[in-house]
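The values are calculated or read from the model by the stated rules, or taken from the named source; none is laboratory data. Keep in mind it's a predicted model, so treat the numbers as computed, not measured. Don't worry about glycine lacking a Cβ; one is built from the backbone with ideal geometry, like all the others, and counts go over all protein chains shown. Ligands, DNA and RNA are excluded from the accessible area calculation, which covers all protein heavy atoms including side chains. Shrake-Rupley method; radii C 1.70, N 1.55, O 1.52, S 1.80 Å.
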Amino acid sequence: MATTFEVKNLDFYYGDFQALEDINVEIEGSTITAFIGPSGCGKSTFLRCLNRMNDLIPETRVEGLITLDGRDIYTNETDLVDLRRRVGMIFQQPNPFPMSIYDNVAYGPRLHGSPSKSELDGIVETTLKQAALWKEVKDKLNSLALSLSGGQQQRLCIARVLAVNPEVVLMDEPASAIDPTSTQKIEDLMAELKERFSIIIVTHNMQQAARVSDHTAFFMADDTGKANLIEFGNTDQIFTNPKDERTESYITGRFG
Amino acid sequence: MTRKTFHEELSELEAITSQMGELVLHSINGSIEAITACNMEAADETIERDSTIDALYHEIEEHSLAIVARQAPVASDLRLCFSVIFIAIHLERMADLAVNVAKGAKRACPMEGVAPLIKLVADMGRQTADLVEASMKAFSNRDIELAHKLPDMDEPIDRMFKAYFKELAKHPDEESLEWISTIILAGRYLERIADHAVDIGERVSYLVTGYSSDAVEE
């Protein structure tokens, strides 16, 4: 799969405040890219630029270019519902809808088409299996999603994203609020799923970035709070031999 | 989220490695003193010191593994943890070779009538000790220029070892086989010690740059 994000000269503003400055990066298909950096370094802001989640915040402004598969996603013609289907998102706190497990997974396919009951049954089963949750929930698909544990809820959210066949999945600290076993399951899941779509993960857990990602991007803000992409490279290289001293200082825990 | 305790542990790891280097240098000098002056006290000290050096080697290995397991070091910290293990292995081998030289001295002394050979061992020993000292200095100071000079410092030592055989050929047959072979072996051990020092230099180069020195030359 060749879907790629290409970001050129991206600046981002909250009102007068410039949060991101001149970000240039290319995200390859079928890879996992980790965004790391200290709090307030702009990594989540940048992540939310990629499916225009920042549009929901008033007074925000984007300059520069973000293309997905070669097409600018910041034009007036961009269908935001479709963009967010293609570019799914998993948040720090699992946020299943207050409905049954089944309906959570079926929500997207129903929204984007009108599948038959048997088609839906198939999608629900397949995606729950892919999200490594099927065995735990197959006998209680009609139970409330909120009755699941946090780790299970997060995997349900992943199933919900999978059900609409995304091309990229953005994960904002997906494992920071859940237990180590579920974290392990989600990390394993990421490795399996990247064959089907690219994953971009924001994480404060540098070991998680080192474990799961193919590429790592290190962000850092200057004194005014303006964030730059300091270094982007293969994860092996970033964690054994970073080129930029600031990357070295951050990942070795000498600042941040 | 700076990691103070962690960096103190790394400093300690480095300090133990330097300490091991100093002890090994003592042993090398002691073994040279033993073989060139038949100083049996120096020979015994060198032999006894080996257990302390072995203990330091194990301490460095365990300490490094513990840091890797608990702290998940990365970048230059990770390279340090691995490099000190390799450096410690080289140092430990050097100490073993010094013990071999010292034991040879104990077996073969007194060695009369081989003055030119003794002088050759003494010269070679001095240069080998200088090379070892330089390798550990390169490590402590992260001095990559010095590390890159070590192969050049090793060259005359290799040449001197070859000169042994020319010198030996001059000696009449009635020389004791025991100390002739001891002297040859001492030369061989010193030459190996020097090679280990050059290897330490390569580790230092990797530690500092993240590339092995072979890769840099390409």
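Remarks
- Top-ranked residue in segment A:162-185 [being of a type in the set (S, T, N, Q) and closer than 16 Å to A:Met89 by Cβ; ranked as surrounded by the fewest Cβ atoms within 10 Å (Cβ to Cβ)]: A:Ser176
- Residue count for segment A:172-220, restricted to those that are free of Cβ contacts under 8 Å to residues at least 12 places away in the same chain and within 14 Å of chain B (Cβ to nearest Cβ): 1.
- Single unsatisfied condition, B:Thr182 versus (1) open to solvent by 30 Å² or more (accessible area, probe 1.4 Å); (2) modelled with pLDDT under 95: (1)
- Candidate set from segment A:227-246 (those that are of a type outside the set (A, V, I, L, M) and under 22 Å from the mean Cα position of the chain (by Cα)); member that is farthest from the other protein chains (Cβ to nearest Cβ): A:Asn228
- The C-beta contact set for segment A:134-150 (first residue within 18 Å of A:Asp121 (Cβ to Cβ) and touching a residue at least 40 places away in the same chain (Cβ under 8 Å), second residue open to solvent by less than 80 Å² (accessible area, probe 1.4 Å) and outside any helix (DSSP H, G or I), distance under 8 angstrom, 6+ apart or interchain) comprises A:Leu141/A:Ser100; A:Asn142/A:Ser100; A:Ser143/A:Ser100; A:Ala145/A:Pro96; A:Ala145/A:Phe97; A:Ala145/A:Met99; A:Ala145/A:Ser100.
- Scanning segment B:110-141 for residues that are open to solvent by less than 30 Å² (accessible area, probe 1.4 Å), modelled with pLDDT of 95 or more and either outside any helix (DSSP H, G or I) or not small (Gly, Ala, Ser) (or both) yields a count of 6.
- Options B:Ala55, B:Ala37, B:Ala69: the member that is surrounded by fewer than 20 Cβ atoms within 10 Å (Cβ to Cβ), among the small types (Gly, Ala, Ser) and under 18 Å from B:Thr128 (Cα atoms): B:Ala37
- As for segment B:142-155, it holds no residue that is part of a loop (DSSP other than H, G, I, E, B) and in contact with a Pro (Cβ under 9 Å, 6 or more places away or on another chain).
- So A:Phe12, is it within 18 Å of A:Val169 (Cα to Cα) and modelled with pLDDT of 95 or more: no
- Per-region count, segment A:103-120, residues out of contact with any Lys or Arg (no Cβ under 8 Å at 6 or more places or on another chain) and within 19 Å of A:Pro166 (Cα to Cα): 9
- Residues that are over 30 Å from A:Gln152 (Cα atoms) and open to solvent by 60 Å² or more (accessible area, probe 1.4 Å), drawn from segment A:186-243: A:Asp222, A:Asp223, A:Thr224, A:Phe232, A:Asn234, A:Asp236, A:Lys243
- Residues (more than 14 Å from chain A (Cβ to nearest Cβ) and not in a helix (DSSP H, G or I)) located in segment B:31-82: B:Cys38, B:Asn39
- When the strands (runs of 3 or more DSSP E) confined to segment A:1-103 are screened for residues that are farther than 25 Å from A:Asp244 by Cα, open to solvent by 50 Å² or more (accessible area, probe 1.4 Å) and touching a strand residue (DSSP E or B) at 6+ places or on another chain (Cβ under 8 Å), those reaching at least 3 such residues are found at A:60-68.
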